[in-house]
Amino acid sequence: MNFPIMPQTASNYAVSIDDIYFTLVALTVIFTGIVTLMLLVFAVRYRRGTKVSRKNPSTGNLYMELTWSIIPMLLGLWIYGWSAIPYSRIYGDPPANASEIFLIGKRWMWHFQHVNSGIRENNELHIPVGKAVKVTMISQDVIHGFYVPAFRLKRDCLPGRYNTVWFRPNKIGKYYLFCSEYCGTNHSEMGGYVYVMSPQDYAQWKSNGGSQTLKETETTTEIGHDLFEKYGCAQCHGAQDNVHGPSMNGLFGTTVTLANGQSATVDDNFLRTAIINPQAQRIAGWPAIMSGFPVGSGDGQISEENLLDLISYIKSLGNSQHAAPVVGNNSTSTVALKPLASKPAVNHSSSLATKGQSR
Amino acid sequence: MSSIPLNPGALGSDGRARARENYLNIKHTVSSWLLTADHKRIAVLYMISISVMFLFGGLAAAGIRIALVRPHDTFFSSETYNKLFSAHGIIMVFFFLVPSIPATLGNFLLPIMIGARDLAFPRLNLLSWYLFMFGAVLVMGAIMFGGIDTGWTFYEPYSSVYANTNVVAVIVGVFIAGFSSIATGINFLVTVHKMRAPGLTWFRLPLFVWAMYATSIIIVLGTPVVAITLLMVVLERVFGVCVFNPACGGDPILFEHLFWFYSHPAVYIMILPSMGIISEVIACFARKRIFGYEFVAFSSMAIALLGFLVWGHHMFVTGESMYSGMVFSLITFLIAVPSAIKVFNWSATLYKGNVWLTAPLVFAIGFILLFTIGGLTGLYLASLAVDVHLNMTYFVVAHFHYVMVGGAIFGYMAGLHFWWPKITGRMYPEGWAMLSAFILFIGFNLTFFPQFILGFDGMPRRYHFYPPEFQMWNILSTAGSSVLAVGMLIPAFYFLWSLKYGDIAPANPWGAKGLEWTIPSPPPSFNFETVPIVTEEAYAYEAIYAAELAGDYSHVEASIPYNQEYVEKPQSNISNEEHQ
Amino acid sequence: MSLELQHPAVAPQRLSHQFEQIDQQNEIYIVGMWTFLVTEIMFFGALFVALTVYRSVYPDAFEQAHTALNVWLGLTNTFILLTSSFTAAMAVRSKMLGERTRTLFFLAITIMCAFGFLCVKYVEYSAEFREHHFPGPNFHWEQPVTASAVQGDLSANSQVALGSPKISVNEFPANYQPQQLALHKRELFFSLYFVMTGLHGFHVIIGIFVLGTLWLLIYFRHPTVDDYMPVELAGLYWHFVDIVWIFLYPLVYLIGKQ
């Protein structure tokens, strides 16, 4: 016999949301109690034939109406303001040091990519306790919902658009991960676990390349770099601006003026659109010559996964003009463990530049 | 009673005469029913139709509860389970709750309450029933032969690209039923505006009429939007046009916006008529004018209008702008105020009344209690941060069942019992009705209260399989649902029984005010022999109240055992003077 | 209306059982029709909202796609509908005055205008079908959907650049569809175009049936049309159909980029 009345609390939001929740529970009990009491007492006390005082029966009273309009309204506004604060945090900007995770929802599984370590896992997410995590998510097919009750956290995972959410797990444990938006036959089986680990365990897990999961040897940034070359991006978007297109070095995070006169910040969604449909937001001053890469698995198309890889690489090119892209930004020991360690950890921006120029 | 000014010629002294011609016995052929333009007969047709649909929806619900007894159910496949909850939602929302009170009690009572012989457009009214039936048959056919697994929300792009079930047939059925509801809405709006009896000013209208008026506004403004939205889903499926499909740059969130622009107000289509019924029942059995009439009337209108500005609260977690979320949340909190006004006014009406505890009143009190819980839990979901956790969980399921079942269906039951004598000319058995009210109340709470807790625990809705620690709550809920089912079956039996064996109903069994009680039960075909002239406001119970306190219950025409003890045991004049 | 009711030539009107007076009945019909038109406005309103939203999200694609529509045929249709609205109003007036022949004449002109509208629409649609502008698997955008074409500033320079091996379009096989997504956004425009004009066209067809029935009833002096009210109601409906087009035409055919 197990009657759980609340989920575990394991994130920075959990307590503040629970506070509002239990305040609402208290208000519900009070108001329902008042109404129940009024109804039952009046119905019984003034039932037919009882000899109680019925002097001056009232059929309306402005002050009473105002009382029971204004008091609930003020209470409501209080709860409203209170609950807007955590909401603006959950969907607001994450802390600068948040570690990034890409999440792809597809029927019926969750695919996570750790941006820094390159580890990929399905239906499981391993994160260290106490460290902010930012999840950028997209769906390959229908709408899904990323939901971890213990974190009091939910975000719809939409096709065609990135949604982000961030949180800081604060308790070690294993927590349910659900899909909250109905997505078809096996909707209820689209889930798994989030493992919040102690820093030591996490470091070990990471150095094992992610214990029991798919072993990915390259970081997303490294894969992104390869794709950058494979798709021929480097030819126009090399280390320096050339006549065809702007360099990606130092582009991320800056504000650019578009050909249509608007200005835009180069963020994940901007880059996504720029890759899929460059003309939608061409930066002013460059010719309109780039063909986009539609999302898909065919030739000349790019998968959602690879899009994320590419964006991750472009991000790593930083937002300072001369910053060398840090491809293997793990510790050296991690690099050494890789089978592909033979690949020289070169400064990719310079190699890109030479390739781009030499053709 | 002596002060009733309404058309004395139509007063029902002959109400007990069986031979009297009424809308039921005027003709007996099948075609006289199927081709009728009489709003009362159409109401009866609707009542039969939605009862059948309710039975189908209830069976699907039973399937859902059976599946959820075990965390890893093997009784149904996941496909079947998904089809069950989709069928339950679609049937209950579009074919029971939306037409329930407006098309049955509203159709029957609205013209009579305002002193008209019929609705403004009687043939449109019949057309509306045929459209409803056509849609219902289409949807039931699609559900029986293949089913649909999109849920009642038809979210894109699942419904247009990925679902392999009978989406097109079901949407076309819902689309057609939507026009039936639009026809009803137009009819009611015009009727209330233009056909009120002389002297029946807006502020003399019964609150049920106000509620139907507010409901009709929502129907007329909202239904076309969802109709065209669903039509576009069909066009996407059939012709491959691109409107919401993200694969061609469409925005599935736009679908959600358009869908909820109707479907949130649709919740008020379901609850406002119930609120109207409760106002009637409470005022009648408290023998008092409703407390704060204007506030109750205007709160209906406020709910109808504000209801159109809150649809975004279904989408706090979809990625709509944080600021639009804040605006929608704020308006949602404001819409709680008119609901609170109603609840407090109903409670205050009982104060110092001469309360006659009958089955309709017990249902009405049940409604107020359950609606209070349902309404207050709505605020949890309106609270932005709390909604991030509770959205799309069983908390939502519990909340809207408290509003729609605890609210709409308890209201419907209250109204059905209250006006059953008027509609059928027979009394229902009071004892059985009381029993079913209590069984329903207990069964309902047992079914849906555990779901609040399940939701806070984090169990998502539309889940066939769930983590084992949620099992005990689910078992409790399933156990409750069987009690609920018993509570639903008892009225089905005694209502049918009463048609033949019930006591013959007088014109005004409850001693109630209102034009519908001035004509015989069941009413004649054209309702009023002469157009009544209204000289007093609704709920002018002062005379009745005074008479009852003086021990005079002669205005109550209810037959044994309704009135026996009071008629035979009038109170002494001494106690009455004392308390006057 | 009240002015016309005093006219001696007004035909006797039939009073339905649920009404008390003929004035009440007529007023109710008018109010009912207006309420119905409100639902129609909401019906089209959802589509206008969708159009507005997508236009603001994809201004370039919509701007380019709308150039494929034939502005002049659209303009012709606008004039046809405006004329028909005028003749519909004249028909109502003639009917009120009891002038049967003039009523028949104006109704006939209105119906012919409606047919004319559909014919022009047919010419437009068939051209669009020929060019595969109907959304769906066969949708095709015959103008080169290259980046340059999108911008409309196709310079020789960029054309060369595009053809040069540097841009390496030839890295991709022949079935590579450049700008597939941009194509889809044009498809989105045409989807809305076809849904909206199609729905409007459907209303025109219903209008033809209604007006045609009225014409026949009046021609055969059927008693239901002794009263002017049916013509008045049909006229209201026809004006609504006209007004929808008055909004559709500029929003779909005319407005380019903001």
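Tabulated values for the structure
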read-out	value
Over chain B, relative contact order from alpha-carbon pairs under 8 Å, at least 6 apart, %	20 percent
Relative contact order computed over region B:124-194 (Cα-Cα under 8 Å; 6+ residues apart), in percent	51 percent
Orphan Cys of the protein assembly as shown, criterion: no other Cys C-beta under 4.7 Å	A:CYS157, A:CYS179, A:CYS183, A:CYS233, A:CYS236, B:CYS284, C:CYS113, C:CYS119
Partners for B:LYS422 among aspartates and glutamates (Cα-Cα distance below 15 Å; same-chain residues under 8 apart left out)	B:ASP14, B:GLU21, B:GLU280, B:ASP503, B:GLU516, B:GLU557
Built amide H within the under 5 Å cut-off of A:LEU153, gap 5+	A:VAL148
Cβ neighbours within 10 Å from other chains - mean over B:387-398	5
Candidate aspartates and glutamates - alpha carbon under 13 Å from B:LYS83, same-chain residues fewer than 8 apart omitted	B:ASP149
³J(HN,Hα), Karplus 6.51/-1.76/1.60, whole Hz, each residue of region B:516-523, x for Gly, Pro	5, 8, 8, 10, x, 10, x, x
Mean separation of Cα contacts under 8 Å, 6 or more apart, over the residue count of region B:421-516: relative contact order %	51 percent
Of B:LYS288/B:LYS513; C:LYS121/C:LYS185; A:LYS134/A:LYS154, pairs whose Cα-Cα distance is over 19 Å	C:LYS121/C:LYS185
Cβ-placed point charges (K, R +1; D, E -1), dipole of region A:1-63 about Cα centre in debye, nearest 20	900 debye
Long-range HN-HN contacts of B:ARG426 with modeled amide H, under 5 Å	B:ALA505
Cβ-based exposure ranking for B:LEU330, A:LEU307, in which fewest neighbours within 10 Å come first	B:LEU330, A:LEU307
Residue-wise HN-Hα coupling along region C:130-139, computed from phi with Karplus coefficients 6.51, -1.76, 1.60 (Hz; x: Gly, Pro)	4, 7, 6, 8, 6, x, x, x, 8, 4
Binned Cα-Cα distance frequencies in chain B - 10 Å width, integer %	3, 17, 28, 27, 15, 7, 2, 0, 0
Share, in percent, of DSSP beta bridges within the protein assembly as shown that are antiparallel, nearest 5	70 percent
Restraint check, A:LYS206/A:LYS315; B:LYS40/B:LYS194; A:LYS106/A:LYS171; A:LYS174/A:LYS315, Cα-Cα greater than 25 Å	A:LYS106/A:LYS171; A:LYS174/A:LYS315
Exercise: per-residue mean of other protein chain Cβ atoms within 10 Å, B:461-473	5
Alpha-carbon Debye profile of the protein assembly as shown, log10 I(q)/I(0) at 0.04, 0.05, 0.06, 0.09 Å⁻¹	-0.26, -0.41, -0.58, -1.16
Least to most buried among B:PHE244, A:PHE167, B:PHE76, B:PHE145 (fewest other Cβ within 10 Å first)	B:PHE145, B:PHE76, A:PHE167, B:PHE244
Average other protein chain Cβ within 10 Å of Cβ, residues C:17-24	4
Proxy reagent accessibility, fewest Cβ within 10 Å first, across B:THR36, B:THR74	B:THR74, B:THR36
From phi via Karplus (6.51, -1.76, 1.60), per-residue ³J(HN,Hα) for region B:71-78 in Hz, x at Gly/Pro	x, 10, 5, 10, 5, 10, 7, 4
Prolate/oblate/rounded call for region A:137-242, Cα gyration tensor, a/c under 1.5 rounded	oblate
Cβ crowding within 10 Å averaged over residues, with C:34-41, A:141-148, A:47-54 ranked highest first	A:141-148, C:34-41, A:47-54
Aspartates and glutamates whose Cα lies under 19 Å from that of C:LYS95, excluding same-chain neighbours fewer than 8 positions away	C:GLU4, C:ASP23, C:GLU27, C:ASP226, C:ASP227, C:GLU232
Nonlocal amide H pairs with A:SER11, under 5 Å, H built at 1.01 Å	A:ASN170
Computed [θ] at 222 nm, deg cm²/dmol, chain B (DSSP H ≥ 4; -39,500 (n - 2.57); rounded to nearest 500)	-20500 deg cm²/dmol
Whole-angstrom gap from region B:253-274 to region B:136-168, using each part's C-alpha centre	19 Å
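Any read-out appearing in this document is the output of simple, stated calculations on the displayed coordinates, not a laboratory observation. None of these values were measured; they are calculated from a predicted model. Every residue, glycine as well, gets a Cβ built from its backbone with ideal geometry; the counts of neighbours run over all protein chains shown.
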